[in-house]
Amino acid sequence: MSSTHSQPKPAAHPPIDLSSFAGGHPVGGGGWIERVNPADTTELVGRVEQVDRAGAVAAVTAAHTAFLSWRATPLEQRCAQLLAAADSVAASAEEFGPLLARELGKVVGDCRGEMGFAAACLRWCVEHAEEALADQIVDDDLGRLVVSRIPYGVVTAIVPWNAPLILSILKVAPALVTGNTIIVKPSPIAPLAVTAALSRVAEHLPPGVLSVVHGGPDVGETLVAHELVRKVAFTGGGVTAVAVGRAAAATITPMVLELGGNDPALVLDDVAFTDSMMERLIFGTFLTSGQVCMAAKRIYVPRARIDEFVGRYVEVAAELLVLGDPLDPTVTVGPMASPQQRQIVEDLVADAVSRGGVVHQLGTVAAGTDMARGWFLQPTLVSGVEHDAPIVQLEQFGPTVPVVGYESVADALVMANDSDLGLASSVWSDDEHRAFEVARSIEAGMTFINCHNRAGMSLRAPFGGVKQSGFGREFGMAGLSEYLQSHSLHAPAMARPGAAHAAANSYPGQ
Ligand code: NAD
């Protein structure tokens, strides 16, 4: 990533150098990725060494060798090692939280939270592993059936940049506790903290059980298409998912795909626009500068209440949203992660204005913020647009949100479901029963009630998409099950020694 500012200033933190690691040791050979600070693009945060295609193959081979003994390791021992890893990653929050903030632009409290989440996710998976792995046994007059649950083998995890450790551990924890081994390929946009934190996890595991390799699309596709890779877990955009799907098809490799969303928030006519309600919706939109798959990305409000809504939204956001350096603990909105993504958002807002949209600036800028040094963009709410505007139709993935009026709940549902995507969504009502009823009609993998985004997540609640937002689930028992396949062991009664010869025309199971 090249710098966009011409006057370097002395770096407060020396740049960090990290390597990919596989088979228990550092690997490289594919050149270096450099990452600058999105809040101050004159600062080189660090570099990470990539692998080439041969390095990717070597990582798969090492992961396969490790699998042969890891799957045979008693569950109790695997769990003990993963619990020790959870303690280590939790203890790394002070060290790697600020590093993540500096490479990604996400506010530092949320970055420390990624390490806390990683520890909690590891512990949750350990706690539920025995249940996920338990045999299902039926022994009756039809015979004896044992459905055992077995790991796949080597898993490749490909993750995006916006929550790099959270989105990695959601694959690493369930895959490892169930006996698989895993290779994580992070995004070049946030490669550093995830590598450092996962190396803390790997220190507690046998070599090759957990590897992290960096590289371009060729490395990613090698990690997907290799015949020893038995499962692919991908989180990212739809265009990349098609390339990953093509590569996986070559070896009939099953996938979990967690893709983009254009999440509708349906505000019903009975809601009081209290500070608390507005705060939940505003943070549901602007966490990580709106660069979150499950952020509220279009808000539908009864047409008769739009002016009231906009007034309250702007008023409460003025108190909550502070744009600036993500290391400043008073800042709640950092810069964007790339100038390209900022341009996409600016273009969508400009297009909305050309259609008669009205842009409402939200929040304040922290004192001392040099907007020209980073990829900053002040949050905005856009009113006066209709459902067919690109800012409503497309996943903006940045700090702006359109508000659209509706006449009836039925109309609002038609607009909410008028999308190829179906990741998350929300319904807002002071009548929770009514909200749940409306929520049933939304085409999405997750509908939050009276909240949106991170606040609505739970380790026990399966999360994923419908339609082109992907398939498969993370979180909960469904997320653990993604890394297990069934193996049926069956002795039908008629085949048991001493059993009477089965009638030739009997139907299995009757
Ligand atoms: P992206 O699709 O550009 O990249 C995702 C990953 O794929 C990166 O690691 C990238 O290096 C890798 N990659 C790129 N080309 C590849 C190829 N040919 N083969 C294999 N790997 C390849 O996505 P992004 O810009 O990093 O992330 C933003 C997108 O991710 C948004 O659409 C967002 O909604 C989505 N997302 C979804 C979830 C979810 O849980 N559903 C969570 C976060 C982000």
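Values for this structure:
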read-out	value
Rg to Rh quotient for region 59-172, alpha carbon positions, Kirkwood Rh	1.10
Ellipticity estimate at 222 nm from DSSP helix runs (n ≥ 4, -39,500 (n - 2.57)) divided over the chain, nearest 500	-11500 deg cm²/dmol
Cut-off 10 Å between beta-carbons: net charge of the residues surrounding V392, Lys and Arg +1, Asp and Glu -1	-1
Zone residues, region 92-118, relative to A455, backbone N less than 17 Å from point 7 Å out along Cα-to-Cβ	110
Sequence-distant residues sharing a close amide H with E258 (under 5 Å, placed H)	F234, T235, G236
Whole-number Å³ per residue for the convex hull built on Cα positions in region 263-456	108 Å³
Within the accessible area of the chain (1.4 Å probe), percent carbon and sulfur	55 percent
Within the chain, percent of DSSP bridges classed antiparallel, to nearest 5	45 percent
³J(HN,Hα) computed for each position of region 123-130 - Karplus, 6.51 cos²θ - 1.76 cosθ + 1.60, integer Hz, glycine/proline x	5, 4, 5, 4, 4, 9, 5, 4
Computed over region 263-456: relative contact order in percent, which uses C-alpha pairs under 8 Å that are six or more apart	30 percent
Rounded, prolate or oblate (a/c below 1.5 giving rounded, otherwise prolate when a/b exceeds b/c) for region 1-139 by Cα gyration tensor	oblate
Hypothetical label at A499: residues of region 124-140 whose amide nitrogen lies under 13 Å (7 Å Cα-Cβ projection)	139-140
Across K297/K467; K171/K297; K106/K467; K231/K297, pairs whose alpha-carbon gap is larger than 20 Å	K171/K297; K106/K467; K231/K297
Ranked order, S338, S486 - accessible area, probe 1.4 Å, largest first	S486, S338
³J(HN,Hα), Karplus 6.51/-1.76/1.60, whole Hz, each residue of region 289-305, x for Gly, Pro	6, x, 8, 9, 4, 9, 5, 5, 10, 7, 10, 10, 10, x, 4, 5, 10
Residues V239 and T274, FRET efficiency given R0 of 41 Å [Cβ-Cβ distance, rounded to 0.05]	0.55
Relative contact order (%) - criterion: Cα under 8 Å, at least six apart; region: the chain	17 percent
Accessible area in square angstrom per residue, region 256-315, 1.4 angstrom probe	27 Å²
Three semi-axes of the equivalent ellipsoid, region 334-380, Cα gyration tensor, whole Å, largest first	21, 14, 7
Neighbourhood charge, 14 Å Cβ-Cβ cut-off, centred on E279 and excluding it, Lys, Arg +1 and Asp, Glu -1	0
Amide H contacts under 5 Å for T42, placed H, 5+ residues apart	none
Calculated P(r) of region 392-489 - Cα pairs past 17 Å, %	60 percent
Rg followed by Dmax, in Å, when the chain is reduced to its Cα trace	24.6, 89
Region 139-211: mean projected area of Cα convex hull, nm²	6.3 nm²
Normalised contact order of region 361-510, rounded percent, pairs of Cα under 8 Å and 6 or more residues apart	13 percent
Where I33, I282 fall by accessible area, highest first, once all protein chains stay in place (1.4 Å)	I33, I282
Euclidean distance between Cα centres, region 248-319 to region 61-123, Å	29 Å
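The values are calculated or read from the model by the stated rules, or taken from the named source; none is laboratory data. Remember, it's a predicted structure, so these values are computed and weren't measured experimentally. All Cβ positions, glycine included, derive from the backbone under ideal geometry; neighbour counts span all protein chains shown. Note: areas computed on protein heavy atoms with side chains; ligands, DNA, RNA excluded. Shrake-Rupley method; radii C 1.70, N 1.55, O 1.52, S 1.80 Å.
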